[in-house]
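Okay, structure first, notes after.
The values are calculated or read from the model by the stated rules, or taken from the named source; none is laboratory data. Quick caveat: nothing in here was measured; it's all calculated off a predicted structure. Glycine gets a Cβ as well: all are built from the backbone with ideal geometry, and neighbour counts include every protein chain shown. Calculation scope for accessible area: heavy atoms of the full protein, side chains included, ligands and nucleic acids excluded. Shrake-Rupley method; radii C 1.70, N 1.55, O 1.52, S 1.80 Å.
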Amino acid sequence: MDSLTAALLGLVQGVSEFLPISSDGHLVIFETLLGVGEEEGGLSFVIAVHIGSLLALLLFFRERILGLIRGLLTRDAASIAHIGKLALATLPAVGVGLFLKDRVEAAFQTPWLAGAGLLVTGTFLITTKRTLPQAHALAPSFGHALAIGCAQALAILPGVSRSGSTIALALALGIAPLAAAEFSFLLGIIAIVGAAVLDLPALLAAGATSAATPMLIGAAAAALSGLAALALFVRVLASQRFHLFAYYCWAAGAAFLAYLALR
């Protein structure tokens, strides 16, 4: 993979990770359109650009993260409970990552799944037109957290947006929009770190080869574009136009499936 392609894929990752349009799905689509082979891209590059997104998340939510850490150290009950909910919500994705890792990797080499996943994401997002104005709860319960975690586990598949599916479900459960977004993205920090740990052997093996340079370029591009996308995301969610992303997902998914059928 050349540096320009890596930068483009990193940009796509950073924007699509935080907008509810599936970063993994878009990486699969762009790798297919650009003719990037499995040996050039694959899951290791996906993890590398996700680490770039992780940096964006840590910067954007730094005050909330530091607040939770302080609360944990001072044994603040509310902070400990919130961290417990995040831990609980992580369990379904951990199960998928540990026991279905080979199938997940195979899914990333099956392009049509990305197109189909975008159609599923669009279906999730369109429900927020009704649920978003009615959502007022300030925080998820433990039961809500587990349900949101199951949505995140489904979003391991390419094309199914992690932020889109988790926030759509949170809104359906009555959780206020900004609280839903914060919980989803804090959960995303844990998910990205976990995915990176699972794929650490492959990343270390790539570190001694020329693959390391495009991975670093992609990660940097993802971090910078991710910060901009996060700011845009919060504004769109507050304006109650979140459901409009559904039409993009449907169009992109259908167009990619048509391309695969006709090529």
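Based on the alpha-carbon gyration tensor of segment 75-143 and its eigenvalue square roots a ≥ b ≥ c, which shape applies: rounded if a/c is under 1.5, prolate if not and a/b is larger than b/c, or oblate? Working shown, then result.
On the way: a/c = 4.65, a/b = 1.31, b/c = 3.56.
It is oblate, given that a/c is not under 1.5 and a/b is not larger than b/c.
Show me 240-247, 152-159 ranked by packing, highest mean number of other Cβ atoms within 10 Å first. Each step should come with its number before you reach the end.
Numbers: 240-247: 17.9, 152-159: 23.8.
So the order, starting with the most tightly packed, is 152-159, 240-247.
What accessible area per residue comes out for the chain, rounded to a whole number of Å², with a 1.4 Å probe? Write down the numbers at each step before the final one.
Details: 11890 Å² over 263 residues.
Dividing the accessible area of the chain by its residue count gives 45 Å².
Relative contact order, percent, of segment 82-187 when contacts are C-alpha pairs under 8 Å separated by at least 6 residues?
Numbers: 140 pairs, mean separation 40.7, N = 106.
Reported relative contact order: 38 percent.
Give the carbon-plus-sulfur fraction of the accessible surface of the chain in %, rounded to a whole number; probe 1.4 Å, heavy atoms of protein chains only. If you can, show how the numbers build up before the last one.
Details: 8410 of 11890 Å².
Here it works out to 71 percent.
Counting other Cβ atoms within 10 Å of each Cβ, which trypsin sites (Lys or Arg not before Pro) in segment 18-116 have at most 10 and sit in a DSSP loop? Provide the component values of the computation, followed by the final result.
Numbers: sites: Arg62, Arg64, Arg70, Arg75, Lys85, Lys101, Arg103; in loops: Arg75.
Counting only loop positions with at most 10 other Cβ atoms within 10 Å, the trypsin sites (Lys or Arg not before Pro) in segment 18-116 are Arg75.
Let me know the Kirkwood hydrodynamic radius for segment 50-186, please, with Cα pairs as the basis and the value in Å to one decimal.
Working: mean 1/r = 0.0631 Å⁻¹.
Hydrodynamic radius (Kirkwood, Cα pairs) of segment 50-186 is 15.9 Å.
Nearest 10 degrees, 0 to 90: what angle lies between the long axis of helix 177-198 and the longest principal axis of the chain (Cα atoms)?
Approximately 50 degrees, to the nearest 10.
Cα convex hull of the chain: how many Å³ per residue? Mind showing how you got there, number by number?
Working: hull volume 29.4 nm³, N = 263.
Normalising the Cα hull of the chain by residue number yields 112 Å³.
What FRET efficiency comes out for Leu178 versus Lys101 if R0 is 41 angstrom and r is the Cβ-Cβ distance? Round to the nearest 0.05.
Numbers: r = 34 Å, r/R0 = 0.82.
Efficiency for this residue pair is about 0.75.
Note down the nm distance, to one decimal, between modelled labels 7 Å out along Cα→Cβ at Arg64 and at Leu91.
Between Arg64 and Leu91, the label points sit 2.3 nm apart.
At a 10 angstrom cut-off on C-beta neighbours, averaged per residue, how do the peptides 114-126, 16-28 rank from highest to lowest? Intermediate values should be presented prior to the final figure.
Details: 114-126: 23.3, 16-28: 27.4.
Top of the packing list down: 16-28, 114-126.
Modelled label-to-label distance, Leu34 and Gln240, 7 Å Cα→beta-carbon offset: nm?
Output for this residue pair reads 3.9 nm.
Along segment 68-82, what does the Karplus equation 6.51 cos²θ - 1.76 cosθ + 1.60 (θ = phi - 60°) give for ³J(HN,Hα), rounded to whole Hz, x for Gly and Pro?
Calculated HN-Hα couplings, in order: 5, 5, 4, x, 5, 5, 8, 6, 6, 4, 5, 5, 4, 5, 5 Hz.
Each label point is 7 Å from the Cα along the Cα-to-Cβ direction; what then is the distance between the points at Ala137 and Leu224, in nm?
The answer from the label model is 4.1 nm.
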